[in-house]
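See below for the structure under consideration.
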Amino acid sequence: MTTPQRPRIILDCDPGIDDAIAIMTASRWADLVGITTVAGNVGVEHTTANALKLRSLLGLTVPVHRGADRPLVGDPFHARHVHGATGLADVDLPEPDDGPDSWDAVDFLVEATRAEEGLHLVPVGPLTNVALALRADPGLAGRVASITLMGGGAGIGNVTAAAEFNVFADPEAADIVFRSGGPVTMVGLNLTNQVRMGSGHAEACRAVGTRVGAVAADLIRYNIGAHRSQDRATSGSMHDPCAVLAVTHPGVVRTEPRHVTVELDGTHTRAQTLVDERGSLGAEPNCRVAYEVDAAVAVDLVMQAIAGA
Ligand code: BDR
Ligand code: CA
């Protein structure tokens, strides 16, 4: 499947195994205008180092801007048990050629979207940077083509029964994004759990015979292991590339307009993205919710990206 034009995107991420695959996917199918990093799967010092290592590995020239080191409220919450102690599955990547282009991702988000209207923001980590940018300049919501985020989901969590990791790690930030009035698309767990990669995909990546292919193979293998320890799965969900593909290949993902509320209280439901499926609140939709994906095509697009990198 071809994409008619390469959308220009800023990827806000916390690499992260699936974030790393998302960077590979974005660099193949989009014009990557910037990468911003945030604390999430691991601390921001690691997510930034990982983004820089991936930039070098992929031979990219895209600027990398370091962002927030903690959520708007409370303490950082990490997922080392899923992504490894430093975030990239203990895969040993060479030190990067350069450091970050700045330590102010929020300023970059504001200025880049002022310099060029119609960019897509693709946040695939906690939404701290995007929320801070919206706070600094609420007009940002009207300048972007979309805020297509991996986070939340329609009725399923992976940290608690109700809450998904990226929203759980900074619910107040997610609340700001969903209430921003911007063109938000939620690519949540209900969709991303349908896009899975197993050992056959890992070995196909290794068979490409490149350093990128070998790294992708190791990441996919580790991801299977992380899921197996949780639910005996033989494949692992590939969450973050789905948000990229929702922008680069919108025909692969079906969305519907819905009103979504981020639960900020709740004894059992803090950080839930409550999707008003029946319009019970009488509120206008504030978001498009992703429901269906052609998973085979999505995985094939990811594999093509890895093979061509
Ligand atoms: C999300 O949480 C992180 O662990 C992954 O990188 C992904 O962005 C899935 O819930
Ligand atoms: Ca992520």
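At-a-glance table
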quantity	calculated
Selection status of Arg28, more than 16 Å from ligand 1 (Cβ to nearest atom) and buried (at least 23 other Cβ atoms within 10 Å of the Cβ)	no
Condition check for Ala68: more than 16 Å from ligand 2 (Cβ to nearest atom), buried (at least 17 other Cβ atoms within 10 Å of the Cβ) and touching a residue at least 24 places away in the same chain (Cβ under 8 Å)	no
Count of residues meeting criterion [within 14 Å of ligand 2 (Cβ to nearest atom) and part of a helix (DSSP H, G or I)] in the range 7-59	17
Only one of Leu93, Leu72, Leu88 that is within 16 Å of ligand 1 (Cβ to nearest atom) and either assigned to a loop (DSSP other than H, G, I, E, B) or within 16 Å of Val44 (Cα to Cα) (or both)	Leu88
Residue that is surrounded by the most Cβ atoms within 10 Å (Cβ to Cβ) [pool: residues in the range 259-301 that are polar (S, T, N, Q) and in a loop (DSSP other than H, G, I, E, B)]	Asn286
Of all residues making up the range 161-195, the number that are farther than 19 Å from Gly266 by Cβ, of a type outside the set (Val, Ile, Thr) and more than 13 Å from ligand 1 (Cβ to nearest atom)	5
Some residue of the range 239-248 being outside any helix (DSSP H, G or I) and surrounded by 15 or more Cβ atoms within 10 Å (Cβ to Cβ)	no
From the options Val208, Val159, residue that is surrounded by fewer than 17 Cβ atoms within 10 Å (Cβ to Cβ), touching a residue at least 60 places away in the same chain (Cβ under 8 Å), farther than 24 Å from Ala283 by Cβ and touching a helix residue (DSSP H, G or I) at 6+ places or on another chain (Cβ under 6 Å)	Val159
Spans of helices (runs of 4 or more DSSP H) in the range 140-227 with at least 2 residues within 16 Å of ligand 2 (Cβ to nearest atom), over 25 Å from Gly308 (Cβ atoms) and touching a Leu at 6+ places or on another chain (Cβ under 8 Å)	165-168, 171-178
Number of positions in the range 87-127 that are at pLDDT 95 or above, closer than 29 Å to Thr210 by Cβ and not acidic (Asp, Glu)	8
Residues of the range 96-125 that turn out to be within 16 Å of ligand 2 (Cβ to nearest atom) and either in contact with a Cys (Cβ under 8 Å, 6 or more places away or on another chain) or in a helix (DSSP H, G or I) (or both), as a count	4
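A quick yes/no check of all residues on (1) among the aromatic types (Phe, Trp, Tyr); (2) more than 11 Å from ligand 1 (Cβ to nearest atom); (3) surrounded by 23 or more Cβ atoms within 10 Å (Cβ to Cβ); (4) without any contact (Cβ under 8 Å) to a residue 60 or more places away in the chain:
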site: Cys13; (1), (2), (3), (4): no, no, yes, no
site: Ala20; (1), (2), (3), (4): no, no, yes, no
site: Val33; (1), (2), (3), (4): no, yes, no, no
site: Thr36; (1), (2), (3), (4): no, yes, yes, no
site: His46; (1), (2), (3), (4): no, yes, yes, yes
site: Asn50; (1), (2), (3), (4): no, yes, yes, yes
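The values are calculated or read from the model by the stated rules, or taken from the named source; none is laboratory data. No experiment lies behind these values; they were computed from the predicted model shown. As a convention, Cβ positions derive from the backbone with ideal geometry for all residues, glycine included, and neighbour counts pool all protein chains shown.
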